[in-house]
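Beneath this line is the structure, given in structure tokens, with notes to follow.
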Amino acid sequence: ACVKPGDMVICRTNAPLVKPAFDLIRRGIKAVIMGRSIGEEMVNLINRVTKRINTDNLEVILSELGQYQSQECDRLLRQGKEAQAQSLEDKVDTIFALADGCKLLSELIDKAESIFSDDAKGVVFSSAHRAKGLEADSVFILKYDLMPHPMALKSGKAWQLKQETNCKFVALTRAKLKLYFVEE
């Protein structure tokens with residue numbers, strides 16, 4: 001089955017949504033990733049790293065961002081904050097996916113601001129969290145193996161596993177007519 005406007009694509013995390021959303025946009029099909037605030041958070045993270053190193057060289061910024069992710073995730077995991085580490089990891093992975101094909105920092109920021117929206121028109125891409133309350137005739141599930149998220153499984157914390165079960169339920173119940181599992 002081929003995705004078309006009005007369909008929804010859901011994944012546990014945002015990063016895997018970026019490439020297929022831009023593939024559709026390049027083909028002239030409107031696509032958005034739900035969550036304008038996510039785009040804003042990514043731009044803020046990019047700006048925070050840029051200020052620390054005072055450059056607009058995208059390669060240097062991405063390298064610094066990778067180091068920041070590694071250090072910060074380690075710190076959060078030591079504090080038992082798996083959900084925050086997972087969220088940071090997803091944001092940074094999403095930034096790396098957005099940076100594909102960008103040469104300038106301004107291009108990356110423009111992409112982050114343009115692809116994330118709260119306007120559910122065209123093909124809607126969404127994390128399982130953001131999909132709550134949304135529905136479509138046809139729903140495509142990307143990377144089903146991320147439900148439950150591996151970090152939550154590793155933590156073994158009951159409340160996190162329950163949250164993951166809830167995310168999986170939301171993802172699997174958004175389709176009105178057809179539910180597809182996308183193999184890569």
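Largest accessible area first, the residues Thr165, Thr173, Thr94 order themselves as Thr165, Thr173, Thr94 under a 1.4 Å probe with ligands, DNA and RNA left out. Per residue, the accessible area of the chain comes to 53 Å², computed with a 1.4 Å probe over protein heavy atoms only.
Classify the range 98-184 as rounded, prolate or oblate from the Cα gyration tensor: take a ≥ b ≥ c as the square roots of its eigenvalues, call it rounded if a/c is under 1.5, otherwise prolate when a/b beats b/c and oblate if not. Here the range 98-184 falls in the oblate category. Cα centroids of the range 5-24 and the range 110-181: 10 Å apart. With θ set to phi - 60° and the Karplus curve 6.51 cos²θ - 1.76 cosθ + 1.60, what are the ³J(HN,Hα) couplings of the range 65-72 in order, to the nearest whole Hz, using x for Gly and Pro? Karplus-based 3J(HN,Hα) across the range 65-72 equals 4, x, 5, 4, 4, 4, 5, 5 Hz.
Distance distribution P(r), the range 3-101, all Cα-Cα pairs, bin width 10 angstrom from 0: 14, 42, 31, 12, 1 percent. The stretch between Ser37 and Asp118, if pulled fully straight at 0.36 nm per residue, gains 28.3 nm over its current Cα-Cα span. Over the chain, dividing the summed -39,500 (n - 2.57) contributions of all DSSP H runs of at least 4 residues by the number of residues returns a 222 nm mean residue ellipticity of -18000 deg cm²/dmol.
Per the Cα gyration tensor, the chain maps to an equivalent ellipsoid with semi-axes of 27, 23, 12 Å, ordered largest to smallest. The alpha-carbon of Lys30 sits under 18 angstrom from the alpha-carbons of these aspartates and glutamates, leaving out residues fewer than 8 places away in its chain: Asp7, Asp110, Glu113, Asp118, Asp119, Glu135, Asp137.
Distances between placed amide hydrogens fall under 5 Å for Tyr180 paired with Val139, Phe140, Ile141, all partners being 5 or more residues away or on another chain.
Paramagnetic label reach from Leu161 (point 7 Å along Cα→Cβ; backbone nitrogen cut-off under 17 Å): within the range 60-82, residues 82. Taking R0 as 25 Å, what's the FRET efficiency between Leu104 and Arg48 from their Cβ-Cβ distance, rounded to 0.05? Once rounded, the FRET efficiency stands at 0.85.
What part of the accessible area of the chain, given as a whole %, is carbon or sulfur when the probe is 1.4 angstrom?
Working: 5000 of 9820 Å².
With neighbouring chains kept in place, the figure for the chain is 51 percent.
Would you kindly give the portion of the calculated P(r) for the range 90-148 that falls above 14 Å, as a percent of all Cα pairs? Walk me through the intermediate numbers first.
Values: 1121 of 1711 pairs.
Tail fraction, whole percent: 66.
For the range 72-184, compute the number of Lys pairs whose alpha carbons are separated by less than 15 Å, excluding pairs fewer than 8 positions apart on the same chain.
Count of close lysine pairs: 8.
Accessible area per residue was computed with a 1.4 Å probe on protein heavy atoms; Phe169 scores about 130 Å².
So which trypsin sites (Lys or Arg not before Pro) in the range 13-103 end up in coil per DSSP with only 10 or fewer other C-beta atoms within 10 Å?
Working: sites: Arg26, Arg27, Lys30, Arg36, Arg48, Lys51, Arg52, Arg75, Arg78, Lys81, Lys91, Lys103; in loops: Arg27, Lys30, Lys81, Lys103.
Counting only loop positions with at most 10 other Cβ atoms within 10 Å, the trypsin sites (Lys or Arg not before Pro) in the range 13-103 are Arg27, Lys103.
The values are calculated or read from the model by the stated rules, or taken from the named source; none is laboratory data. Nothing here was measured: the structure is a model prediction, and the numbers come from that model. Positions of Cβ are generated from backbone atoms using ideal geometry, with glycine treated the same way; all protein chains shown enter the neighbour counts. SASA here: full protein model, heavy atoms, side chains in, ligands and nucleic acids out. Shrake-Rupley method; radii C 1.70, N 1.55, O 1.52, S 1.80 Å.
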